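Asker: My questions will all concern the structure given below.
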Amino acid sequence: MSYRDDLHRELTAVGITGRQRSRITDEIEDHLQCDPKADLGAPQLVARQFADELGTARARRAGFAGFAALALAGVLFGVAFVTAPGHAFGSIPGAVSWPGRVGNWVAVIAPQIAFAAGLLALLRALRRRTQRVIAAAETRMILRRATVGVFAGLASMIGLALLAEELRPYLPGWWVTLAWVCAGVGAVALLASTPVLLAAQRLPSLAEGSAGDLFDDVGAWLPRSLDGRPWRFALVVAGAIFVLMTVAGVLASDGPDGAVRGIADGLLCLLGFATLGRYLGLWSPLAD
Amino acid sequence: MRAESLKGHLDALILAVVGAGPCHGYAIIEELKQRSGGSLDLPEGTVYPALHRLEEGGLLRSSWSKDSGRRRRIYELTRRGQRELGVRRSEWRDFSRAVESVLA
């Protein structure tokens, strides 16, 4: 068996297939024709090096691409939110059907999950932007964050469209059209980022090491009393959300409504932390 | 020079060589050896993964070309790669000046 054949087999074993594999073996073949005595290293090690480096680069790219798509979708969602007459989000007329109610809740909850997950993916990708190789566990975590962010973003766009459609009898036609355009363009942007996520999914790094947690991303900006204490951190964030929503309610001359929304959002934050926290690498079972 | 101590600088070295003009993998490795008077003798298998990674990162682009009947992958710097090379050069100058002033 030639070096090329061995490398071909080892590349397949680490998950590099198709055109990428052919390109690598062709390049190596060319190298060996230039210098038949070249010492390229054991095929297994070379294949693994390719997987580690490409897996790292792709996971990082997924973090950036996911956030870029989410940022655009977020701006569009924000435009629909800010221009919505009255309290279109969160409080809807009693006559609205169940798809409208589902759309309303999704349009309230999903953007928050999308923002948090996408931002966390970006933070980790930025922190590791100069590293040649990062641990397999870490590439998986960046991907999970980016994927959850993009899918929650898509859910937000669907929720926005459902809400707009259900509110058609109650809101001006121009806003319904605007909301549909924002939801459509946002969904296309998010879908456009999925090939990057899939490419990263297909080729993970194989390097050993731990994924770390939330405090590897934001620990440097936190006071010592919160560093390494995920549940205390989650409580502080939930409290901050409650205060912000209450203040927003007071400014809108509806303090009690703001406080109720603040409590609901704060509890949702804790619920999200409990259900998605481990999956997104925010906390480990041993923390706190 | 030990391969391990070169690894941290491999990207900058590759960008510098490709920055001088488009070239293929084997030529990049030979140029590295030649420019360093043989001191930078990298394990050759490590250069190709780095080239692919730099391309994934948008710092290089590549295309096939025919050279005396042989298909070769030719690499060149992207605009982003040129900017990155400038940053790496500047960082290296600062670093080497600082180390030199301590060691001298």
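A short reminder: the numbers here are calculations on the coordinates, not readings from a lab. If you're wondering where the values come from, they're calculated on a predicted model, not measured in any experiment. Cβ sites come from the backbone with ideal geometry, for glycine too, and all protein chains shown count toward neighbours.
Asker: Could you tell me how many degrees, from 0 to 90 and to the nearest 10, lie between the Cα long axis of helix B:79-103 and the main elongation axis, the longest principal axis, of the Cα atoms of chain B?
Answerer: 30
Asker: Return the Rg/Rh value of segment A:1-84, two decimal places, where both radii are evaluated on C-alpha atoms and Rh is the Kirkwood radius.
Answerer: Working: Rg = 20.5 Å, Rh = 15.5 Å.
My calculation puts Rg/Rh at 1.33.
Asker: For segment A:131-170, just run the numbers: alpha carbon Rg, then divide by 2.2 N^0.38 Å, N being how many residues it has. Write out the running numbers ahead of the final one.
Answerer: Details: Rg = 17.2 Å, N = 40, 2.2 N^0.38 = 8.9 Å.
Ratio of Rg to 2.2 N^0.38 Å for segment A:131-170: 1.92.
Asker: What percentage of all Cα-Cα pairs in chain B are separated by more than 20 Å?
Answerer: Working: 2228 of 5356 pairs.
Roughly 42 percent, once rounded to a whole number.
Asker: To the nearest 20 Debye, how big is the dipole of segment A:135-217 about its Cα centre, given +1 on the beta carbon of each Lys and Arg and -1 on that of each Asp and Glu? Write out the running numbers ahead of the final one.
Answerer: On the way: 5 positive and 7 negative charges, 59 e Å.
Charge dipole, segment A:135-217, about its Cα centre: 280 debye, nearest 20.
Asker: What's the long-distance tail for segment A:188-286, i.e. % of Cα pairs beyond 24 Å? Present the calculation step by step, with values, prior to reporting the outcome.
Answerer: Working: 2234 of 4851 pairs.
For segment A:188-286, the share of Cα pairs beyond 24 Å comes to 46 percent.
Asker: Additional query: Positive end of the dipole of chain B, charges at C-beta (+1 Lys, Arg; -1 Asp, Glu), about the Cα centre: which of B:S101, B:S63, B:G38 has its Cα farthest in that direction?
Answerer: Value: B:S63.
Asker: Among A:A248, B:G81, A:A47, pick out the residue whose Cα is farthest towards the positive end of the charge dipole of the protein assembly as shown, where Lys and Arg carry +1 and Asp and Glu carry -1 on C-beta, about the Cα centre.
Answerer: Farthest towards the positive end: B:G81.
Asker: Here is a follow-up. So what are segment A:92-181's ellipsoid semi-axes, whole angstrom, largest first, if each one is the square root of 5 times an eigenvalue of the alpha-carbon gyration tensor? Provide the component values of the computation, followed by the final result.
Answerer: Values: eigenvalues 269, 29, 12 Å².
Equivalent-ellipsoid dimensions as semi-axes: 37, 12, 8 Å.
Asker: What is the dipole size for the protein assembly as shown, taken about its Cα centre, with +1 at each Lys and Arg Cβ and -1 at each Asp and Glu Cβ, in debye to the nearest 20? Write down the numbers at each step before the final one.
Answerer: Details: 44 positive and 37 negative charges, 71 e Å.
The calculated dipole for the protein assembly as shown is roughly 340 debye.
Asker: Given axes a ≥ b ≥ c from the Cα gyration tensor, I'd like to know whether segment A:132-238 is rounded (a/c under 1.5), prolate (a/b larger than b/c) or oblate.
Answerer: Oblate.
Asker: Enter the per residue convex hull volume of chain A, computed from alpha-carbon coordinates, in Å³ rounded to the nearest integer.
Answerer: Values: hull volume 44.2 nm³, N = 288.
Taking only Cα atoms, chain A has a hull volume of 153 Å³ per residue.
Asker: Among A:F81, A:F151, A:F115, which one shows the biggest mean-square fluctuation in a GNM of chain A, springs joining Cα atoms closer than 10 Å?
Answerer: A:F81
Asker: Order these by the 10 Å Cβ neighbour count, fewest first: A:M141, A:M157, A:M1.
Answerer: Numbers: A:M141 26, A:M157 29, A:M1 8.
With the fewest neighbours first, A:M141, A:M157, A:M1 line up as A:M1, A:M141, A:M157.
Asker: I would also like to ask the following. If you project the alpha carbons of segment A:1-42 onto their three principal axes, what span does each projection cover, largest first, in Å?
Answerer: Principal extents (Cα only, largest first): 28, 18, 15 Å.
Asker: What is the helix-to-structure angle for A:255-276, meaning the angle in degrees between its Cα long axis and the longest Cα principal axis of chain A, kept from 0 to 90 and rounded to the nearest 10?
Answerer: With both axes taken from Cα atoms, the answer is about 20 degrees.
Asker: So, one more: Remind me, what semi-axes does segment B:58-104 give for its equivalent ellipsoid, largest first in whole Å, using sqrt of 5 times each Cα gyration tensor eigenvalue? Could you put the intermediate results ahead of the total?
Answerer: Working: eigenvalues 257, 38, 5 Å².
Value: 36, 14, 5 Å, ordered largest first.
Asker: So what's the gap between the Cα centers of segment B:36-104 and segment A:168-202, to the nearest angstrom?
Answerer: Computed from Cα coordinates, the inter-centre distance equals 39 Å.
Asker: Angle, helix A:173-192 long axis vs. longest principal axis of chain A, Cα atoms, 0 to 90°, nearest 10?
Answerer: Approximately 20 degrees, to the nearest ten.
Asker: Okay, moving on. Could you size up the charge dipole of segment A:1-156 around its Cα centre, putting +1 on the beta carbon of Lys and Arg and -1 on that of Asp and Glu, and report it in debye to the nearest 20?
Answerer: Using Cβ point charges on Lys, Arg, Asp and Glu, segment A:1-156 gives about 680 debye.
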